[in-house]
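Visitor: Starting off with a structure, shown below.
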Amino acid sequence: MPSPSPREGERAKPFGGARAVEAMALGVGASLFFAFTFVLNRQMNLAGGSWIWSACLRYAFMLPILLALTAARGELRELGAAIRARPLGWLGWSTIGFGLFYSFLCAASTFGPSWLIAATWQVTIVAGVLLSPLFYDRIPEAGGFRLVRHRIPLRSLATASAILAGILLMQIRESQLMSPLAVLACIGLVLVAAFSYPLGNRKMMELCGPDVSTMQRVCGMTICSMPFWIALGAVGIVKDGPPGTGQILQSLLVALFSGVIATILFFKATDLVRGDMRGLAAVESTQSGEVVFTLAFGVLVFGDRAPAPLALAGIAVVVLGMVANAAAGK
């Protein structure tokens, strides 16, 4: 039987008003801090650091920070009980939502400038829309309940497709500067990451329900993704040796800015619209702000290669698609 919606017997409130403004503002704030992921990962790659350590160290540093924050809120014991109640669900969706997502995104960062990876990553907006039929509302009726499958929000799909068109414009230009194999590898890796992140996030919201707070969910997913990171770290030791001091320090910054601050902001935003597929699509579209922030940081601060006019046009289409997708969700 399909998994029920986290709020049994309750349909989500329409997306709008102060709740929509708060959710969208949190999403944009998260995109600012997420931008550090793309910029710093690219800098670590250019300095000779391994993408494996860029991925593993972020979550290794996140773990003690999140444990301390969760314990300070008095929520650690309840989190442990929630994980013990459904250990396989926590392990599986955390590995997908954190492990596959971030390892594939770090691997993709070896193929091009930070703004290109950030822009290509916006395909996650399309992924979020297409995943809607995997989720259900649980509607009470005489003698039990019935499950109603979510539909793909067509307005969101149309604007998300515009975002995808902007991404293709950028890739057309970049394909002239990169080998065809590198372009395909970059796109393939980002596609896996782009579907893994919203799938893991939404399935964990469904699994946890409203009784598990945003902080607990982020902390619990970090804990339960550790087997994946330990295994990948073992590969890193054999393949690349231990990480250097510079990579360790930059990974600490990524863990703090992107792993803790951005993730909590974004998960809080999605919590505000849980169960509302149109609202989730709108909040997930705020990730397009990462393109603007990454472009500004990467080119102006760290000396990334500036995008060509065609790529700039693609970026403009992506950002406009973000705005249209947000409007479609209201």
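Visitor: Collect the residues in region 291-308 that are modelled with pLDDT of 85 or more and closer than 21 Å to Leu177 by Cβ, keeping them in residue-number order. If you could, list the steps in order and put the result at the bottom.
Guide: Here is the first cut: in region 291-308, the residues modelled with pLDDT of 85 or more are 293-294.
Once the filter is applied, which keeps residues that are modelled with pLDDT of 85 or more and closer than 21 Å to Leu177 by Cβ, region 291-308 yields only Thr294.
Visitor: How many residues does region 150-193 hold that are within 25 Å of Leu280 (Cβ to Cβ) and in contact with a helix residue (DSSP H, G or I) (Cβ under 8 Å, 6 or more places away or on another chain)?
Guide: Of the residues in region 150-193, 24 are within 25 Å of Leu280 (Cβ to Cβ) and in contact with a helix residue (DSSP H, G or I) (Cβ under 8 Å, 6 or more places away or on another chain).
Visitor: Go through region 240-268 and give me each residue that's closer than 18 Å to Gln43 by Cα and among the charged types (D, E, K, R).
Guide: Scanning region 240-268 gives a single hit, Asp240.
Visitor: Filter region 207-221 for residues that are in contact (Cβ under 8 Å) with a residue 60 or more places away in the chain, assigned to a helix (DSSP H, G or I) and surrounded by fewer than 21 Cβ atoms within 10 Å (Cβ to Cβ) and give the result.
Guide: Leu207, Met215
Visitor: Something else about it: Tell me, which residue of region 61-86 that is touching a Ser or Thr at 6+ places or on another chain (Cβ under 8 Å) and buried (at least 20 other Cβ atoms within 10 Å of the Cβ) is modelled with the highest pLDDT?
Guide: Going through the qualifying residues, I end up with Leu79.
Visitor: In region 87-142, what count of residues is obtained for those that are at pLDDT below 80, surrounded by 22 or more Cβ atoms within 10 Å (Cβ to Cβ) and polar (S, T, N, Q)?
Guide: 1
Visitor: When both residues are 6+ apart or on different chains and their Cβ atoms are under 7 Å apart, which pairs have a first residue that lies in region 90-110 and is closer than 19 Å to Val254 by Cβ, and a second that is surrounded by 22 or more Cβ atoms within 10 Å (Cβ to Cβ) and basic (Lys, Arg)?
Guide: Short answer, once both residue conditions are applied: Tyr102/Arg58; Ser109/Arg42.
Visitor: Tell me which residues, restricted to region 273-290, are at pLDDT 80 or above and among the hydrophobic types (A, V, I, L, M, F, W, C).
Guide: Of everything in region 273-290, those that are at pLDDT 80 or above and among the hydrophobic types (A, V, I, L, M, F, W, C) turn out to be Val273, Val283.
Visitor: So which of Leu265, Leu232, Leu272, Leu280 ends up being in contact with an Asp or Glu (Cβ under 7 Å, 6 or more places away or on another chain), under 24 Å from Trp90 (Cβ atoms) and hydrophobic (A, V, I, L, M, F, W, C)? Even if it seems obvious, please write down each step before you answer.
Guide: Details: Leu265 fails: in contact with an Asp or Glu (Cβ under 7 Å, 6 or more places away or on another chain); Leu232 fails: in contact with an Asp or Glu (Cβ under 7 Å, 6 or more places away or on another chain); Leu280 fails: in contact with an Asp or Glu (Cβ under 7 Å, 6 or more places away or on another chain).
So the residue among Leu265, Leu232, Leu272, Leu280 that is in contact with an Asp or Glu (Cβ under 7 Å, 6 or more places away or on another chain), under 24 Å from Trp90 (Cβ atoms) and hydrophobic (A, V, I, L, M, F, W, C) is Leu272.
Per-residue answers, yes or no, for (1) out of contact with any Leu (no Cβ under 8 Å at 6 or more places or on another chain); (2) closer than 11 Å to Ile96 by Cα; (3) modelled with pLDDT of 90 or more:
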| site | (1), (2), (3) |
| --- | --- |
| Ser196 | no, yes, yes |
| Leu199 | no, yes, yes |
| Met205 | yes, no, no |
| Thr214 | yes, no, no |
| Val218 | no, no, yes |
| Cys224 | no, yes, yes |
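Visitor: Give me the pairs, please: first residue somewhere in region 177-205 and within 21 Å of Trp115 (Cβ to Cβ) and touching a residue at least 12 places away in the same chain (Cβ under 8 Å), second residue anywhere and of a type in the set (Ser, Thr, Tyr) and surrounded by fewer than 22 Cβ atoms within 10 Å (Cβ to Cβ), beta-carbon distance under 6 Å, and either six or more positions apart or on two chains.
Guide: These pairs meet every condition: Val183/Ser175.
The values are calculated or read from the model by the stated rules, or taken from the named source; none is laboratory data. Every value quoted in this text rests on a predicted model; they were computed, and no experiment measured them. Ideal geometry is used to build each Cβ from the backbone, glycine not excepted, and the neighbour counts take in all protein chains shown.
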